[in-house]
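Here the structure comes first, spelled out in structure tokens, and everything after it is commentary.
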Amino acid sequence: MKSACTFTSKLTAGISIFSQIGQLAAEHNAINLWQGSPSFTPDNHLLSAVSRAMTEGFNQYAPMQGERILRQVLAEKTWQLYGADYDPENEVTVTVGGLEAIYATITALVHHNDEVIIFEPAFECYAPAIRLQGATPVAMQIPLDTLKIDWIKVAAAITAKTRMIIINSPHNPTGALLDLDDIEQLIALTRGSHIVILSDEVYEHMVYDGKVHYSMCRFPELAERSVVISSLGKSYSVTGWRIGYCVAPAEIMLEIRKVHQYMVFSAAAPFQRALATALSDPSSYLGLAALYQRKRDLLIASMEDSGLTILPCSSGFFLLARINDDLRRSDTEFVFDLVRNHGVGTIPLSSFYGDAKDTGIIRISFCKDDNILREGGKALAKYDL
């Protein structure tokens, strides 16, 4: 049906590269190394807990802020891991995935004409959410050779309009981690200011090679101005359940909940109950680092002799790989060719930048079954582009 009206969006961006690759991958039955969604079956105890919750009648709306039993166990988990004491009643909110927590936080705290500092390459949702508030994303570049934030440049970018700094560590897509020097620099930059930190920590349990994740929760000067976001969908391989959460001081959380209640009201009740049961056993998430480090190494081994150079990866679900000179073309052209002609789906790193400038690098997911990693790695190693 043809509409008689003209519709326009507040956003200038078109359909995301993730949606484009997903559609093309489906058309070509491509191996899924592009999506940050685990392909393996969740733990049977978790699935049984969902069925039990449904049978016991938890099929209607959950409380707006989340099931109390889940908020309690999340507060206990945060205390045990990071020594941070959050009140489950007023400082913990269960959201419809980490993405809703990010959007609700930006909507609640960022206003027209504000500026928000983000670090590129950046997860694609940050900048659009900022622009929808009439605010301006200020992109700072993370050098891909060092993966170290230049805090001197960050300091120079802060103005009277700077309302928020978005931190993502463990970082998607580079796998980089903030270290203690980064933390000290961030504390010094924000001390005495009205800047809020949105800390996207959805890969908090996927940290490798003996490295440490420094959550904003660990540091009181940062915790008092931070919204810390994580994802139970990522941690328990149930991304389709769309269960995330955030923690923040009560006065900040109150504003977030004002948005959350009108966006979705609440996340699915039976999933919340099941995840509360799973979280009561810390081994259910503390073993993730070993699992995913093995999968990272399996994918790297499967890609041996490919025309790609693997970059260091200390955390998360993804490897970055540089396209060697003899295969050179834009990263976007390379990725689309991989799907169409070689049956492997990946993501161009350029899609994580506001200007979409070619990087010559692709992102490859390793949160997959071992057979998918072997098959995908071998396909990448064998192509002749």
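Please treat every number below as a calculation from the coordinates, not as lab data. A quick note: this is a predicted structure, and the numbers were derived from the prediction, not measured. Neighbour counts run over all protein chains shown; Cβ positions are idealised from the backbone, glycine included.
Tell me, in nm to one decimal, what length is gained between residue 262 and residue 152 on full extension, where the rule is 0.36 nm per residue of separation less the Cα-Cα distance?
35.7 nm
Order of 337, 281 from fewest to most other C-beta atoms within 10 Å?
Neighbour counts put them in this order, fewest first: 281, 337.
Could you check the spin-label model distance between residue 15 and residue 355? Points 7 Å from the Cα along Cα→Cβ, value in nm.
2.8
Short version: ³J(HN,Hα) in whole Hz for each residue of the stretch 148-157, in order, from phi by Karplus 6.51 cos²θ - 1.76 cosθ + 1.60 (θ = phi - 60°), x for Gly and Pro, what are they?
10, 5, 8, 6, 5, 5, 5, 4, 5, 7
Would you order 352, 58 from fewest to most other beta-carbon atoms within 10 Å of each residue's own beta-carbon?
58, 352
So how do 202, 247 line up by other beta-carbon neighbours within 10 Å, fewest first?
In increasing order of surrounding Cβ atoms, one gets 202, 247.
Can you give the % of DSSP beta bridges in the chain that are antiparallel, to the nearest 5?
50
Give 211/382; 77/161; 234/368; 77/234; 234/295 a once-over and call out the pairs whose C-alpha atoms are over 24 Å from each other.
211/382; 77/161
Under 13 Å from the Cβ of residue 375, count the other residues' Cβ atoms, weight Lys and Arg +1, Asp and Glu -1, and hand me the total.
+2
Name the residues whose placed amide hydrogens come within less than 5 Å of the amide hydrogen of residue 114, ignoring near sequence neighbours (fewer than 5 apart) on the same chain.
Residues meeting the criterion, in which the H sits 1.01 Å from N, are 136.
With the contact rule set at Cα under 8 Å and sequence spacing of 6 or more, what percent relative contact order holds for the stretch 189-307?
25
Semi-axes, largest first, in whole Å: what does sqrt of 5 times each Cα gyration tensor eigenvalue give for the stretch 168-291?
Sorted largest first and rounded, they come to 25, 22, 11 Å.
Just for the Cα atoms in the chain, what are the lengths along the principal axes, largest first, rounded to whole Å?
Principal extents (Cα only, largest first): 59, 57, 53 Å.
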